Amino acid sequence: MSDRLSRRGFLKAAVLAPLLPAFLAACRRADNAKVVNFFNWSNYIGKDTLADFKKKTGVEVRYDLFADEEEMFAKIRAGARGYDLIVVGDYLIPRFQSLNLIDPVPSGALKNMGNLYARYRRPSYDPAETTVPYLWGTTGIAYNKKKLKSPPTSWWDLWDPKYKDRVSMLDNVRDCISVAMQLLKIPQTTRDPQDFQKIRELLVKQKPLVKQYSSSSYLNSLVAGEIDLAMTWSGDLFQAARDNPDLDYVLPKEGTYMWVDCLAMLRGSRHREDTLRLIDFLLEPEVGASIANFVRYPSPNEKAYPLVDASLRKDPRVYPTPAVLKTLSLHHTLDSEQSELWNQTWADVKVA
Amino acid sequence: MTKALSWLLAGRREAATHLLLAPAALWLLFMLVIPALGMVALSFATNGPYGVIQWTFTLENYQRAFHPKYLPVLLRTLGFAGSATAICLLLGYPLAYYLSFRAGKWRNALLVGLMIPFWSSCLVAFYSWMIVLGKEGMLNNVLIHFGFLSQPIGFLYSPFAILLGLVYFYLPFTVLPLYASLEKVPRSYIEAAYDLGASRWTAFFKVTLPLSMPGVIAGCLLTFIPCLGDFLTAEILGGPRYYLLGNLISNQFLMAQDWPFGAALTSLLLVGLVAGLWTYQRWEESL
Amino acid sequence: MKKGKVLSGYIAALYGFLYIPLIVMFVFSFNDARRNVVWRGFTLKWYRVLFNDAELMGAMLSSLELAAAAALLSAGLGLLASYAMVRHKPFTGRRGYAALLNVPLMMPEVALGVGLLSFLVRAGFELDFGALACAHALICLPYTVAAIKARLKSIGDANLEDAAMDLGATEWQAFCKVTFPLAMPAIVSGSLLAFTVSFEDFVTSFFLAPIGVVTMPIKIYSMMKFGVTPEINALSVCLLGATLLLVGLNAWLASRAGDSPLA
């Protein structure tokens, strides 16, 4: 008796199983409403930003998540379509452009574009201004005040044998190669294979000291005391420092680079008008400030600056002083040949 | 209706066999074979500027794949996958044996209990392990408190952590096939061995173990093969000195943006594994 | 019976090992910290946050639907294929077919994700929940086939079906009354494995997730950068609690009905 029951149940389920996804998909296809599909890091926006946008315009934002920029790029490169707006690091923009994946933001379409600081207009990585700066930050050193006798001052501290197994490096071509170049005083414009040989040697030499190459999970290790010294992106560390007040951030004396995360419209967007409205909304001073307050990254929005929490504004680690700001430069925008050399060098370091 | 079904099940005609094989075959064709062939095609293409693929034929990707610098990665991967499989087998066999021969009314509960830990993300489980094994974690604190240690041990980001991760996540995949094959061992054979004067251990080694070999092999395959390609475990638990094949391949698709080279590595891995599996199947049939 | 005790003790230790992370997860769901790696005091707030978090609940539902669909699909496909492989006359290409069924295990996940996505897009398939479920069914297939094939073989070895047919049953009747009920434990355990594989999968899900679908692993991995909060623990605790409740209920009903639910 029970056999028959379970059999029937199973057969029914087996017949229904293929229909289930279709049914669910049909339920979800309420696409007639106004939506913008936004592909972004988790929590990389203000708490109520999207709800406010909906209240103001009636447009709903579907916020999809990625865990890693390179995975996001690979997904879009492989052909995933339908996202209207993505957040993308400056160094990936030439790659997106070379594959013709970005739909340029038409000039003059955004009334709030003028809210940005002049230095973020027509940047070197995107002179035609096809994308819009969203947030920016610096690359520096995070450390645990309690565990280190003296705070680190230089990138060389990450090479110091006394910190063996207490160091982590960002798992990122751009940042690691740049630091090695800075230490070896090699200009970023180089194409000399010998330079890259030296860079590789320097990074391989550091490898026995490094506990992790990671761009995200190292933050947990820092909070948990597993590592005490890490190459980090500024805002990520400030978020982590909420959970471990012993963590601090320094910009090394050799100087460092800044980077910009940008908003880019993807080719083939079906919601162009509303996407532009969303970008414009994100550029509004109040909105920009609330995002900056939540994610603890500095905003490139000049008009938003006075509205940012004073504690963040007055913190030179978040908003570097004008003197420091002058020394910060964007990463050199690599042409394809250089980018190949960088990638190859980093890949060899990982394999070594 | 039932006549048609009976015809299908009886399999006296080849057409019936083909009909039963067709759905899975279609699945494999569309979801696996065509994408895999796409990978093979890609492996002969050239990686152009900024990783734009150029469809000009080249063997360069394969030449690069045989560079000796990748040999340590391969050996390391085989080592980790092999040891993880061996540990899973050693830990899992007694469990499967217990489930099959001793568990009695607890069997179902234990079987489901084996799967339940995996019904949350492995990342959550990893964070829990981190709380236990971290430098300032529970285990180190206890050991230091009772004076067994003076300095905390760095369990994480070590070969130990990778093995722990692999064993933890693949153990059920070893145990279930083992259990299934132990269930098949006719209890009368074992009793016959006892009647003939065999001790418990003799009966086990002469009867139970040989009869459960198909399960041992299936369990090992279901563990070893995914371990070979695993990249998240090493990515999250392993340190920079434990770079595995799975990381190498996925990095070509992600960070290095060198898809043709990644495709060449993938093709080589597939060819190696399919050849191995094919040989195994011939051997199994010849038994 | 000292030996029996040694074995039982070992089993208890092994389950202890498997359940350590779960116990820690449970305790740390009450942790008053945003990034859940260090204990910062007791709170119930994450459960409150959880019940008001429609996004996370949605992710959980997506994952459950996906895993259920993938488990059922792969069990169905696996049953048909296994039956033909085990019970029918040997067919040409059987070795290749059997080997192919194991290939999803070998394909590096990122390569499969990229390859499958490129193909589906180029072939003009719409990427929807169905496509994602189909891809998950593929990666689950080796597990259901392995379980079901082994069981069908042993049923065949026992000649029970032949006996039924000698007594006048048709093939269909013999299948329904003998083979299928006997194969049920393997179908269930294969489906359980498939469910687990699908529920845990991050890479394939990430590449094939259609717009608006965020599964639990995608959600959790994307939280890695800015902190996986105890809310995730609370959610896992609720899910495990519900599972245990269902399993317990099932066992209780089965013990009343006098037959076992799984084996």
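Quick rundown of the values:
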item	result
Enumeration of residues in segment B:163-212 that are of a type in the set (Gly, Ala, Ser) and under 29 Å from C:Asp201 (Cα atoms)	B:Gly165, B:Ala180, B:Ser181
Unique match (being within 11 Å of chain A (Cβ to nearest Cβ) and either in contact with a His (Cβ under 7 Å, 6 or more places away or on another chain) or more than 22 Å from B:Val33 (Cα to Cα) (or both)) among C:Leu127, C:Leu160, C:Leu120, C:Leu61	C:Leu61
Residues of segment A:309-334 satisfying the condition of being free of Cβ contacts under 8 Å to residues at least 60 places away in the same chain and either buried (at least 22 other Cβ atoms within 10 Å of the Cβ) or within 14 Å of chain B (Cβ to nearest Cβ) (or both)	none
In segment C:86-126, residue farthest from the chain's Cα centre (by Cα) [restricted to those that are in a helix (DSSP H, G or I) and among the basic types (Lys, Arg)]	C:Arg122
Residue within segment B:200-218 that is assigned by TED's automatic domain parsing to the domain that holds B:Thr77, crowded, with 24+ Cβ neighbours inside 10 Å and in contact with a Leu (Cβ under 8 Å, 6 or more places away or on another chain) present	yes
Test for C:Ala164: is it buried (at least 24 other Cβ atoms within 10 Å of the Cβ) and either small (Gly, Ala, Ser) or under 29 Å from B:Gly262 (Cα atoms) (or both)	no
Residue within segment B:257-268 that is more than 11 Å from chain C (Cβ to nearest Cβ), assigned to a loop (DSSP other than H, G, I, E, B) and of a type outside the set (Ser, Thr, Tyr) present	yes
Residues being over 30 Å from A:Arg277 (Cβ atoms), within 14 Å of chain B (Cβ to nearest Cβ) and within 17 Å of the chain's Cα centre (by Cα) - total across segment A:112-171	3
First in segment B:267-278 and closer than 13 Å to B:Leu228 by Cα, second anywhere and among the β-branched types (Val, Ile, Thr) and surrounded by 15 or more Cβ atoms within 10 Å (Cβ to Cβ), Cβ under 8 Å, 6 or more apart	B:Leu269/B:Ile249; B:Leu270/C:Val103; B:Leu273/B:Ile225; B:Leu273/C:Val103
C:Val203, sole failed condition from (1) within 17 Å of A:Phe66 (Cα to Cα); (2) within 11 Å of chain B (Cβ to nearest Cβ); (3) touching a Phe, Trp or Tyr at 6+ places or on another chain (Cβ under 7 Å)	(3)
Filtered residue count, segment C:79-106, keeping only those that are touching a Phe, Trp or Tyr at 6+ places or on another chain (Cβ under 9 Å) and facing chain B (nearest Cβ under 7 Å)	8
Verdict on B:Ile236 being within 23 Å of the chain's Cα centre (by Cα), within 12 Å of chain C (Cβ to nearest Cβ) and within 30 Å of A:Tyr163 (Cβ to Cβ)	yes
Within segment C:203-224, considering residues that are without any contact (Cβ under 8 Å) to a residue 60 or more places away in the chain and not aliphatic (A, V, I, L, M), the one nearest to C:Pro142 (Cα to Cα)	C:Tyr221
Filter result (part of a helix (DSSP H, G or I) and within 13 Å of chain C (Cβ to nearest Cβ)) within segment B:128-141	B:Ser128, B:Trp129, B:Met130, B:Ile131, B:Val132, B:Leu133, B:Met138, B:Leu139, B:Asn141
Number of positions in segment A:136-162 that are surrounded by fewer than 19 Cβ atoms within 10 Å (Cβ to Cβ) and among the acidic types (Asp, Glu)	1
Index of the failed condition, B:Phe118 passing every other in (1) farther than 30 Å from A:Ala224 by Cα; (2) under 23 Å from the mean Cα position of the chain (by Cα); (3) crowded, with 20+ Cβ neighbours inside 10 Å	(1)
Positions within segment A:207-218 being under 25 Å from the mean Cα position of the chain (by Cα) and in contact (Cβ under 8 Å) with a residue 12 or more places away in the chain, in sequence order	A:Lys207, A:Val210, A:Lys211, A:Gln212, A:Tyr213, A:Ser214, A:Ser215, A:Ser216, A:Tyr218
Residue ID - nearest to the chain's Cα centre (by Cα), chosen from residues in segment B:1-18 that are surrounded by fewer than 17 Cβ atoms within 10 Å (Cβ to Cβ) and facing another protein chain (nearest Cβ under 7 Å)	B:Glu14
Residue selected from segment B:142-155 under the condition among the hydrophobic types (A, V, I, L, M, F, W, C) and not in a helix (DSSP H, G or I), by the criterion surrounded by the most Cβ atoms within 10 Å (Cβ to Cβ)	B:Phe155
2 or more residues among the aromatic types (Phe, Trp, Tyr) and either modelled with pLDDT of 95 or more or within 30 Å of A:Pro106 (Cα to Cα) (or both): qualifying strands (runs of 3 or more DSSP E) within segment A:117-236	A:132-144
Test result for A:Arg277, outside the structural domain of A:Thr190 (by TED's automatic domain parsing), at pLDDT 90 or above, closer than 23 Å to A:Ile76 by Cβ and out of contact with any helix residue (DSSP H, G or I) (no Cβ under 7 Å at 6 or more places or on another chain)	no
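Yes/no matrix, rows are residues, columns are (1) in a helix (DSSP H, G or I); (2) more than 7 Å from every other protein chain (Cβ to nearest Cβ); (3) modelled with pLDDT of 85 or more; (4) under 18 Å from the mean Cα position of the chain (by Cα):
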{"site": "C:Gly212", "(1), (2), (3), (4)": "no, no, yes, no"}
{"site": "C:Lys219", "(1), (2), (3), (4)": "yes, no, yes, no"}
{"site": "C:Lys225", "(1), (2), (3), (4)": "no, no, no, no"}
{"site": "C:Leu240", "(1), (2), (3), (4)": "yes, no, yes, yes"}
{"site": "C:Leu246", "(1), (2), (3), (4)": "yes, yes, no, yes"}
{"site": "C:Leu249", "(1), (2), (3), (4)": "yes, yes, no, no"}
{"site": "C:Trp252", "(1), (2), (3), (4)": "yes, yes, no, no"}
{"site": "C:Pro261", "(1), (2), (3), (4)": "no, no, no, yes"}
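The values are calculated or read from the model by the stated rules, or taken from the named source; none is laboratory data. Since we're looking at a predicted model, the values are computed, not measured. Quick reminder, even Gly has a Cβ in these numbers, built from the backbone with ideal geometry, and neighbours come from all protein chains shown.
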